[in-house]
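Report on the structure given below.
The values are calculated or read from the model by the stated rules, or taken from the named source; none is laboratory data. Just so it is clear, the model here is predicted, and its values are computed rather than measured. Reconstructed Cβ throughout: ideal geometry from the backbone, glycine too, with neighbour counts over all protein chains shown.
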Amino acid sequence: MGLADIKKRKKIDGDLMDHAGRAELAANEFRCTQADQKIVNENVQGEQHAITTHQTVEAEVRNTIKKLVGTMLENLPASRL
């Protein structure tokens, strides 16, 4: 699901991360840090390989969330802080 679709589903105008709750922020940060670490550990070279690595890590994080929690991040309500 793309960014525009998630924002539409959550009825968000503006930046999605401004309306992300704790679980969403933590999952996103975890995904980013783990993808970055994998790129370093595996000496990933080139933009396309880095993109593929991020997509692979994202899929694993999403699978773990689905397995452990069952509610995907895009289905969580937007934070209205």
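Would you pick out the residues in segment 31-81 that are surrounded by fewer than 15 Cβ atoms within 10 Å (Cβ to Cβ), part of a helix (DSSP H, G or I) and of a type in the set (Val, Ile, Thr)?
Within segment 31-81, Thr33, Val40, Ile51, Thr52, Thr56, Thr64 qualify.
Residue by residue through segment 1-25, note down the ones that are among the aliphatic types (A, V, I, L, M), without any contact (Cβ under 8 Å) to a residue 24 or more places away in the chain and surrounded by fewer than 16 Cβ atoms within 10 Å (Cβ to Cβ).
Leu3, Ala4, Met17, Leu25
For Asn28, which of the numbered conditions (1) in contact with a helix residue (DSSP H, G or I) (Cβ under 6 Å, 6 or more places away or on another chain); (2) at pLDDT below 95; (3) surrounded by 15 or more Cβ atoms within 10 Å (Cβ to Cβ) fails to hold?
Condition not satisfied by Asn28: (1).
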